[in-house]
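J.: Below is one structure. I have some questions about it.
The values are calculated or read from the model by the stated rules, or taken from the named source; none is laboratory data. Here the structure is a predicted model, which means the values were calculated and not measured. A quick note on method: Cβ atoms are made from the backbone with ideal geometry, for glycine too, and the neighbour counts reach across all protein chains shown. Surface accessibility is based on the protein's heavy atoms, side chains included, excluding ligands, DNA and RNA. Shrake-Rupley method; radii C 1.70, N 1.55, O 1.52, S 1.80 Å.
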Amino acid sequence: MNPLSDRITSLPASATLAMAAKARELKTQGIDIIGLSLGEPDFNTPDYIKDAAIQAINDNYNSYSPVDGYVELKEAVITKFKRDNNLTYTPAQIVVSTGAKQSIANVAQVLLNPGDEVLLPAPYWVSYSAIATLCEATYKEIPSSIEDDFKITPAQLEAAITPKTKMVFFNSPNNPSGTIYTEAEYRALAEVLEKYPNIFILSDEIYEHINYGTKHFSFAAIPSMFDRTITVNGVAKAFAMTGWRVGYIGAPDWIAKACTKMQGQITSGTNCIAQRATITALNESPERIQFMVDEFKVRRDLILDLLNDIDGFKTNIPEGAFYVFPNVSEYFGKTLRGKTINNATDFSLYLLEEAHVATVTGEAFGNSNCIRISYAASQDTIKEALKRIKDAVTA
């Protein structure tokens, strides 16, 4: 008899964290592993944000914070949404959480019932399906391919909708593909959803500022979708604040109120010092973090050049985030150094064991032909990693 709940036994481990753990295990054995599996900027948090945290400590911010966030932070979020996304929210429509992951989990918990269906345009972030599972909902993948820049069509969306469909998760810029949906593409998808007024949209925009030219467009900026869309964002990626754990939503007030109620029984308010630092991060111009985006673009171009020099890797040009998602299916069925590659998971493990480079299988993201490679690493690290990969697949 297994004393653990069905809830936890049905939950898969995070593939990205699992690969990182395996890489750490090999490192403890003295093996030089290059980690390109985690989505974490290698920059330090900018000084002006760190200074705000230090000031908050000196100002004795050490008490419980409001469950849904400090008023000043909610006002900063409102300013950010208006400035960057042309979205108008009130304080009652904002909830600050311990990372965007908690924001997403809150929304799913308050909207989904057992048996409800969530549509996931694939590839998608690994935790979306797990969160749906935790809510005892089902999820349906809507496939895409590298030939289509990993974007779904309105026809695909409409074909996937059933009477049980309750939510659709969009993520642009996308993890793991770096794909960005244009305003026209989002509006075309919205025309489909306008026919189904009981479907809610979660728009995950955590990579918004890591954008190499395609103008970011928020799904909630479509007037017919505003009252049905929950916009999720945070400071982890663009501000190099992954460990600070601050995310937030803009949502209809009744959803925000429900999320606050849920959060009040789970974690209560987000870390007070991190919140004070985030006020400064959001109130300052996004231009202050542009230097990181510029460097990510250089790294993107570098890794694409190096990948395109390796037979068997099929790439497209990601327009945002800091990942490439090459199709490696040409290797399936082949034997490399005595190891048979049957799928993307085999290939990812092969690269870890033989090239000593950690990547993540695309199967975790709903695409069995690809692997995710993060280029949130120095140019020298990227060059060495790709040299190892090339040697491992051409030996």
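J.: Residues of the stretch 350-377 being under 21 Å from the mean Cα position of the chain (by Cα), within 21 Å of Leu302 (Cα to Cα) and not hydrophobic (A, V, I, L, M, F, W, C), which ones?
T.: Across the stretch 350-377, the qualifying residues are Thr359, Arg372, Ser374, Tyr375.
J.: Please go through the stretch 109-122 and give me each residue that is under 25 Å from Thr153 (Cβ atoms) and either assigned to a helix (DSSP H, G or I) or open to solvent by 10 Å² or more (accessible area, probe 1.4 Å) (or both), ordered by number.
T.: Asp116, Glu117, Pro121
J.: Taking only pairs six or more apart or across chains, which ones have beta-carbon atoms under 9 Å, a first residue in the stretch 86-99 that is at positive phi and in a loop (DSSP other than H, G, I, E, B), and a second residue that is of a type in the set (Gly, Ala, Ser) and modelled with pLDDT of 95 or more?
T.: Here the result reads Asn86/Ser218; Asn86/Ala221; Gly99/Gly234; Gly99/Ala236; Gly99/Gly247, each pair linking the stretch 86-99 to a residue that is of a type in the set (Gly, Ala, Ser) and modelled with pLDDT of 95 or more.
J.: Looking only at the stretch 182-203, which residues are closer than 23 Å to Ala105 by Cβ, open to solvent by 10 Å² or more (accessible area, probe 1.4 Å) and out of contact with any Leu (no Cβ under 8 Å at 6 or more places or on another chain)?
T.: Pass one, the stretch 182-203, residues closer than 23 Å to Ala105 by Cβ: 193, 198-203.
Imposing the further condition that a residue be open to solvent by 10 Å² or more (accessible area, probe 1.4 Å) reduces the set to 198, 200.
Across the stretch 182-203, the qualifying residue is only Asn198.
J.: If you scan the stretch 173-206, which residues turn out to be of a type in the set (A, V, I, L, M) and either out of contact with any helix residue (DSSP H, G or I) (no Cβ under 8 Å at 6 or more places or on another chain) or in a loop (DSSP other than H, G, I, E, B) (or both)?
T.: If the condition is that a residue be of a type in the set (A, V, I, L, M) and either out of contact with any helix residue (DSSP H, G or I) (no Cβ under 8 Å at 6 or more places or on another chain) or in a loop (DSSP other than H, G, I, E, B) (or both), then Ile180, Ala184, Ile199, Ile206 are the ones that fit.
Residues are listed down the side, and each one gets a yes or a no for (1) in contact with a His (Cβ under 8 Å, 6 or more places away or on another chain); (2) buried (at least 18 other Cβ atoms within 10 Å of the Cβ); (3) in a helix (DSSP H, G or I):
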site: Lys50; (1), (2), (3): no, no, yes
site: Gln55; (1), (2), (3): no, no, yes
site: Val67; (1), (2), (3): no, yes, no
site: Val77; (1), (2), (3): no, yes, yes
site: Lys82; (1), (2), (3): no, no, yes
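J.: Can you pull out the residues in the stretch 318-340 that are open to solvent by 50 Å² or more (accessible area, probe 1.4 Å) and either under 16 Å from Ala377 (Cα atoms) or touching a residue at least 40 places away in the same chain (Cβ under 8 Å) (or both)? Break it down stepwise before answering.
T.: Within the stretch 318-340, the first condition is being open to solvent by 50 Å² or more (accessible area, probe 1.4 Å), and the residues that meet it are 319, 330, 332-335, 337-340.
Residues satisfying the conditions are Glu319, Arg337.
J.: Something else now. Scan the stretch 345-366 for residues that are open to solvent by less than 10 Å² (accessible area, probe 1.4 Å) and either touching a residue at least 60 places away in the same chain (Cβ under 8 Å) or under 29 Å from Val118 (Cβ atoms) (or both) and jot them down.
T.: Once the filter is applied, which keeps residues that are open to solvent by less than 10 Å² (accessible area, probe 1.4 Å) and either touching a residue at least 60 places away in the same chain (Cβ under 8 Å) or under 29 Å from Val118 (Cβ atoms) (or both), the stretch 345-366 yields Phe347, Ser348, Leu352, Val357, Ala358, Thr359, Val360, Gly362, Phe365.
J.: Scan the stretch 233-261 for residues that are touching a residue at least 24 places away in the same chain (Cβ under 8 Å), out of contact with any Cys (no Cβ under 8 Å at 6 or more places or on another chain) and of a type in the set (Gly, Ala, Ser) and jot them down.
T.: Within the stretch 233-261, Gly234, Ala236, Ala238, Ala240, Gly247, Gly250, Ala256, Ala258 meet the criteria.
J.: Would you say Val293 is modelled with pLDDT of 95 or more and either open to solvent by 40 Å² or more (accessible area, probe 1.4 Å) or over 25 Å from Phe219 (Cα atoms) (or both)?
T.: No.
J.: Considering Ser218, Ser224, Ser177, which residue is surrounded by fewer than 18 Cβ atoms within 10 Å (Cβ to Cβ) and either on the phi > 0 side of the Ramachandran plot or modelled with pLDDT of 95 or more (or both)? Steps first, please.
T.: Details: Ser218 fails: surrounded by fewer than 18 Cβ atoms within 10 Å (Cβ to Cβ); Ser177 fails: surrounded by fewer than 18 Cβ atoms within 10 Å (Cβ to Cβ).
Matching residue, one of Ser218, Ser224, Ser177: Ser224.
J.: Given the residues Glu147, Glu136, which is the only one that is open to solvent by 40 Å² or more (accessible area, probe 1.4 Å), over 16 Å from Asp204 (Cβ atoms), out of contact with any strand residue (DSSP E or B) (no Cβ under 7 Å at 6 or more places or on another chain) and in a loop (DSSP other than H, G, I, E, B)? Step through it out loud before you land on a result.
T.: Values: Glu147 fails: in a loop (DSSP other than H, G, I, E, B).
Only one candidate qualifies: Glu136.
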